[in-house]
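In what follows, a structure is listed as structure tokens, so that the remarks can point back to it.
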Amino acid sequence: MSRAIGSKYIVERSPQAQEYHEAVKDVLNSEEVQDLKDYHHHHCMTRFQHCLNVSYYSFLLCRKLGFNAEQAARAGLLHDLYPECPKCDRRHLTTHPETALENARKSFKLSKVEADVILKHMWPIRKGRPKYPESYVVMMTDKYVAFMEFCIYLKQTADMSLKKHI
Ligand SMILES: [Fe+2]
Ligand SMILES: [Fe+2]
């Protein structure tokens, strides 16, 4: 069962998440995306959970703004599709979108919008301005979600050090 952080709806069975689930279920259930559960991301969660967070909130935002929510959601799930967990250095920050796009293309037929979303999600750190509104939504949602995930990590760390001193 999958649920984006901060959401009370279980993607696979909540009526409120049904539209989202319909849009992404083949990608969500794929071995490639499920395998992301084996990798840590932003210290405190799996890469699967991070991609689900980005995908789910991008879907809601695009639907609200009248953009293509389905394509944003599908590409959101694939935007960090790289299995290895290298050091998070500057090189990795700029090269992983290409790796993710290459990996996604091996398993899924991507639209131009979906490919752009994946490739441009690290703008402006990586050169190449997003071309479509969906790409901007996912790019900003990714940054917002990463910040929230980092705050969760800081809170967990603070709670643990507090416990040690009690
Ligand atoms: Fe990324
Ligand atoms: Fe990301």
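Bear in mind these aren't lab numbers, they're just calculated from the coordinates by the rules spelled out. All figures in this text were calculated on a predicted structure; none of them were measured in a lab. Every residue, glycine as well, gets a Cβ built from its backbone with ideal geometry; the counts of neighbours run over all protein chains shown.
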For the stretch 5-140, the charge dipole (Cβ of Lys, Arg +1; Cβ of Asp, Glu -1; about the Cα centre) points to a positive end, and the Cα of 27, 115, 5 closest to that extreme belongs to 115
Environment charge of residue 41, counting only residues whose C-beta is closer than 12 Å and scoring Lys/Arg +1, Asp/Glu -1 = -2
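Short version: what are the Cα gyration tensor semi-axes of the stretch 38-111, square root of 5 times each eigenvalue, largest first, in whole Å?
Values for the stretch 38-111, descending: 22, 15, 11 Å.
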By Kyte-Doolittle mean hydropathy of at least -0.5 and Cα axial length of at least 20 Å, which whole DSSP H helices of the chain are selected?
-> 47-65, 133-164
In the stretch 1-104, what GluC sites (Glu not before Pro) fall in a loop by DSSP, with at most 16 other Cβ atoms inside 10 Å?
-> 12, 84
Near residue 163, which lysines are there with a Cα under 25 Å away, not counting those fewer than 8 places off in the same chain?
-> 155
Links exceeding 23 Å between C-alpha atoms in this model, out of 25/64; 37/64; 25/106; 8/131; 25/109, come to 37/64; 8/131
For the chain, the convex hull over Cα atoms projects on average to an area in nm² of 10.3
